[in-house]
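Asks: Got a structure for you, questions after.
The values are calculated or read from the model by the stated rules, or taken from the named source; none is laboratory data. Nothing here was measured: the structure is a model prediction, and the numbers come from that model. Positions of Cβ are generated from backbone atoms using ideal geometry, with glycine treated the same way; all protein chains shown enter the neighbour counts.
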Amino acid sequence: MTPGLAEQRLDAVIKTAQYLAALDPRQDIWAEFGKITLHFLQSDLAVFAAPRRDGQLAFHHCVGIGDCAQLQSAASRVIHQVLESGFLATETLHLDREYAVVFLPLNVEGRTVCVMALGKRGVASLERELLNLYLAVAGLFGSTLARLTSQHRFFVMADNVPEMLFQLVRYPDGSLEFSYVSGGSRTALELSPPDLLSDPERFLSRLLPEERAAFEAAVATAGGRLNRVFRSLDADGKTRYLLCNAMPGWQEDGSIVWDGALQDITEQHEMEEERKSYLLRLERNMEVTIEAIASTIEKRDPYTAGHQRRVADLTRQLGEEMGLPPDEIHGIALAASIHDIGKIHIPAEILSFPGELGPIEYELVKTHARIGYDILKITDFPWPVAEMVLQHHERMDGSGYPNQLRGDQLLLGARIIAVADVVESIASFRPYRPALTIEDALDEIKTHRGTLYDPAVVDACLRLFTKKNYRIAVR
């Protein structure tokens, strides 16, 4: 082969590769392959045949002859042979004229999926150099088929999910452009992929002003994954909630490429808001019921009126001082507000007896912790309220009641209620004694710090009264 001809054929391979790189799976691939064979390879005949499920051949494209049926009857045998073997074959075919034809396998993922037949008219055989050119191009066609098949599979899957899959390019001058948008844009934004590919402003203009500023700021730097909800307006002016999840990458020109997904989560957002609202109403109704129960208890025991309320307030302050989460503090304070609910089963005469109780009466009073647990255990609180009520008279050394629990066997909430209960009780009036001072109460918990009472709770309580000037509000 002359140097000039070699350069021409090398140029043909280069142009073929460049042309193939720009192909999109949504184009008519076989027609594009046919153009390449005619324009770059100067073939007089180009045919692409693939097997059907019934064993017959499907001819995707025929170039250079008027009717594919001619080739089908003349070349079916050799095409089947190449499909089965995976090796090329050459043959002289007599169609409208004589053609020297090579049948080349096109392989995808190691399997021959198609046969490309290329021929020259009026020659008995093909030159070796031309065969090598055709082989090189067949390899390019095969790899292109593999790429386009994979891309087509992705596009089909992407267009069948409700999320909008996208690739967004942020150029160094700050402008934005969608380079890919899936069919999910119709669900997520009520906009078609062509709408967004031609003008990203169609999306940006939907975002609320502060949300647009946040979005543009987020995509301006490749600082990591973008995962947040943006509010937008739909065509009817209704607020929508869009979850954007994307990862950045850099291009050589300094552009940032964001690959991600956009999902309309408005329905989920509204359901979550409705759920929160329901839980708040349920919680409030539950607290109102608890307040009614607490009020009932206090009416039977007027000497301890307000005791549970004051203990609850002190437990709330202790929880904050100890740095507990607000939700946990709320649950502990709720348990504290009804920690003596079991006294509803204790005769009022015993509760208000103006003197020291006898052993039998004292044992009866001690049952209030267990009774309170039995009353509350059937209620589905989001916190272990019944267990905290059961344990509020337990002590760290196991000397408490009703189960003589010790140390870490006690819930933290129960340890907090225990300290608050003791401090409030000592500093308040009781039928069998006058109120003692807050100093007396603090001496009690200091003396038994670590034995009866949790050290961390005691320390928090001492800080509240001695350094933060907390006072029990006696009403």
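Asks: Could you please give the count of residues in the stretch 178-201 that are in contact with a strand residue (DSSP E or B) (Cβ under 8 Å, 6 or more places away or on another chain) and assigned to a helix (DSSP H, G or I)?
Replies: Of the residues in that region, 6 qualify.
Asks: Give the stretch 192-237 a look and list any residue that's of a type in the set (Ser, Thr, Tyr) and more than 18 Å from SER175 (Cα to Cα), or say none.
Replies: SER192, SER232
Asks: While we're on this one: Cβ contacts < 8 Å: first residue outside the structural domain of LEU191 (by TED's automatic domain parsing), restricted to the stretch 263-290; second residue in a helix (DSSP H, G or I) and modelled with pLDDT of 90 or more, any location; separation 6+ or different chain. Result?
Replies: Close Cβ pairs (under 8 Å, with a partner that is in a helix (DSSP H, G or I) and modelled with pLDDT of 90 or more) amount to GLU287/LEU334; ILE290/LEU334.
Asks: Could you tell me whether the stretch 389-397 includes any residue that is closer than 15 Å to ALA335 by Cβ, surrounded by fewer than 20 Cβ atoms within 10 Å (Cβ to Cβ), modelled with pLDDT of 95 or more and of a type in the set (D, E, K, R)?
Replies: Looking through the stretch 389-397, none of the residues is closer than 15 Å to ALA335 by Cβ, surrounded by fewer than 20 Cβ atoms within 10 Å (Cβ to Cβ), modelled with pLDDT of 95 or more and of a type in the set (D, E, K, R).
Asks: Moving on to the next point. Sort out which residues of the stretch 160-196 are under 20 Å from the mean Cα position of the chain (by Cα), more than 23 Å from ALA218 (Cβ to Cβ) and charged (D, E, K, R), and write them in order of number.
Replies: none
Asks: For the stretch 412-429, indicate whether the set of residues that are of a type in the set (Val, Ile, Thr), part of a loop (DSSP other than H, G, I, E, B) and free of Cβ contacts under 8 Å to residues at least 24 places away in the same chain is non-empty.
Replies: Within the stretch 412-429, none of the residues are of a type in the set (Val, Ile, Thr), part of a loop (DSSP other than H, G, I, E, B) and free of Cβ contacts under 8 Å to residues at least 24 places away in the same chain.
Asks: Being more than 25 Å from ILE341 (Cβ to Cβ), surrounded by fewer than 19 Cβ atoms within 10 Å (Cβ to Cβ) and modelled with pLDDT of 95 or more is the requirement here; does THR437 meet it?
Replies: Considered against the rule, which asks whether it is more than 25 Å from ILE341 (Cβ to Cβ), surrounded by fewer than 19 Cβ atoms within 10 Å (Cβ to Cβ) and modelled with pLDDT of 95 or more, THR437 comes out as no.
Asks: Quick one: which helices (runs of 4 or more DSSP H) sit completely within the stretch 305-383 and have at least 1 residues that are crowded, with 23+ Cβ neighbours inside 10 Å?
Replies: The helices (runs of 4 or more DSSP H) meeting that bar are 307-321, 326-336, 368-376.
Asks: Given the options VAL82, VAL102, VAL123, name the one that is assigned to a helix (DSSP H, G or I), hydrophobic (A, V, I, L, M, F, W, C) and either in contact with a Pro (Cβ under 6 Å, 6 or more places away or on another chain) or without any contact (Cβ under 8 Å) to a residue 60 or more places away in the chain (or both).
Replies: Going through VAL82, VAL102, VAL123 in turn, just one is assigned to a helix (DSSP H, G or I), hydrophobic (A, V, I, L, M, F, W, C) and either in contact with a Pro (Cβ under 6 Å, 6 or more places away or on another chain) or without any contact (Cβ under 8 Å) to a residue 60 or more places away in the chain (or both): VAL82.
Asks: Here's another thing I want to ask about it. Restricting the search to the stretch 105-120, which residues are touching a residue at least 60 places away in the same chain (Cβ under 8 Å) and either more than 16 Å from VAL137 (Cβ to Cβ) or not assigned by TED's automatic domain parsing to the domain that holds SER150 (or both)?
Replies: Of everything in the stretch 105-120, just one residue is touching a residue at least 60 places away in the same chain (Cβ under 8 Å) and either more than 16 Å from VAL137 (Cβ to Cβ) or not assigned by TED's automatic domain parsing to the domain that holds SER150 (or both), namely VAL113.
Asks: Has the stretch 141-152 got any residue that is free of Cβ contacts under 8 Å to residues at least 24 places away in the same chain, in a helix (DSSP H, G or I) and of a type outside the set (S, T, N, Q)?
Replies: Yes; the residues of the stretch 141-152 include at least one that is free of Cβ contacts under 8 Å to residues at least 24 places away in the same chain, in a helix (DSSP H, G or I) and of a type outside the set (S, T, N, Q).
Asks: Inside the stretch 126-140, can you point out the residues that are of a type in the set (D, E, K, R) and outside any loop (DSSP other than H, G, I, E, B)?
Replies: Our first condition is that a residue be of a type in the set (D, E, K, R); within the stretch 126-140, this holds for 127-129.
ARG128, GLU129 - these are the residues of the stretch 126-140 that are of a type in the set (D, E, K, R) and outside any loop (DSSP other than H, G, I, E, B).
Asks: At pLDDT below 90, surrounded by 14 or more Cβ atoms within 10 Å (Cβ to Cβ) and touching a Leu at 6+ places or on another chain (Cβ under 8 Å) - does that describe any residue in the stretch 193-209?
Replies: Scanning the stretch 193-209, I find no residue that is at pLDDT below 90, surrounded by 14 or more Cβ atoms within 10 Å (Cβ to Cβ) and touching a Leu at 6+ places or on another chain (Cβ under 8 Å), so the answer is no.
Asks: I would also like to ask the following. How many residues are touching a helix residue (DSSP H, G or I) at 6+ places or on another chain (Cβ under 7 Å), closer than 26 Å to LEU38 by Cα and modelled with pLDDT of 85 or more if we restrict to the stretch 130-165? Reasoning before the result, please.
Replies: First, pick out the residues of the stretch 130-165 that are touching a helix residue (DSSP H, G or I) at 6+ places or on another chain (Cβ under 7 Å): 133, 136-137, 140-141, 144, 148, 162-165.
Keeping just the survivors that are closer than 26 Å to LEU38 by Cα gives 133, 136-137, 140-141, 144, 148.
Next, only the ones that are modelled with pLDDT of 85 or more stay: 133, 136-137, 140-141, 144.
The number of residues fulfilling the criteria is 6.
Asks: Considering only the stretch 452-473, state which residues are within 13 Å of LEU314 (Cα to Cα) and assigned to a helix (DSSP H, G or I).
Replies: Result: VAL457, VAL458, ALA460, CYS461, LEU462, ARG463, LEU464, PHE465.
Asks: Now for a different question. Looking at the stretch 133-140, can you tell me whether even one residue there is in contact with a Pro (Cβ under 8 Å, 6 or more places away or on another chain), surrounded by 15 or more Cβ atoms within 10 Å (Cβ to Cβ), of a type in the set (Gly, Ala, Ser) and farther than 30 Å from GLN268 by Cα?
Replies: yes
Asks: Okay, moving on. Provide a single number: the residues in the stretch 353-373 that are free of Cβ contacts under 8 Å to residues at least 24 places away in the same chain and out of contact with any helix residue (DSSP H, G or I) (no Cβ under 8 Å at 6 or more places or on another chain).
Replies: 5
Asks: In contact with a strand residue (DSSP E or B) (Cβ under 6 Å, 6 or more places away or on another chain) and closer than 27 Å to VAL288 by Cα: is that true of VAL423 in this structure? Step through it out loud before you land on a result.
Replies: On the way: in contact with a strand residue (DSSP E or B) (Cβ under 6 Å, 6 or more places away or on another chain): no; closer than 27 Å to VAL288 by Cα: yes.
It is false that VAL423 is in contact with a strand residue (DSSP E or B) (Cβ under 6 Å, 6 or more places away or on another chain) and closer than 27 Å to VAL288 by Cα.
Asks: Sticking with this one: Among the residues of the stretch 385-398, how many are closer than 29 Å to ARG284 by Cα, free of Cβ contacts under 8 Å to residues at least 40 places away in the same chain and assigned to a loop (DSSP other than H, G, I, E, B)?
Replies: So the count comes out to 1.
Asks: Closer than 23 Å to ASN132 by Cα and not aromatic (Phe, Trp, Tyr): which single residue out of LEU45, LEU57 fits that description?
Replies: Details: LEU57 fails: closer than 23 Å to ASN132 by Cα.
Result: LEU45 is the single residue among LEU45, LEU57 that is closer than 23 Å to ASN132 by Cα and not aromatic (Phe, Trp, Tyr).
Asks: Moving on to the next point. Going by the conditions given, is GLN72 surrounded by fewer than 16 Cβ atoms within 10 Å (Cβ to Cβ) and either within 55 Å of the chain's Cα centre (by Cα) or more than 17 Å from LEU41 (Cα to Cα) (or both)?
Replies: Spelling it out, it is not the case that GLN72 is surrounded by fewer than 16 Cβ atoms within 10 Å (Cβ to Cβ) and either within 55 Å of the chain's Cα centre (by Cα) or more than 17 Å from LEU41 (Cα to Cα) (or both).
Asks: Going by the structure shown, is ARG26 of a type in the set (Lys, Arg) and in contact with a helix residue (DSSP H, G or I) (Cβ under 8 Å, 6 or more places away or on another chain)?
Replies: yes
Asks: What residue, of ASP96, ASP54, is charged (D, E, K, R), touching a residue at least 24 places away in the same chain (Cβ under 8 Å) and not in a helix (DSSP H, G or I)?
Replies: ASP96
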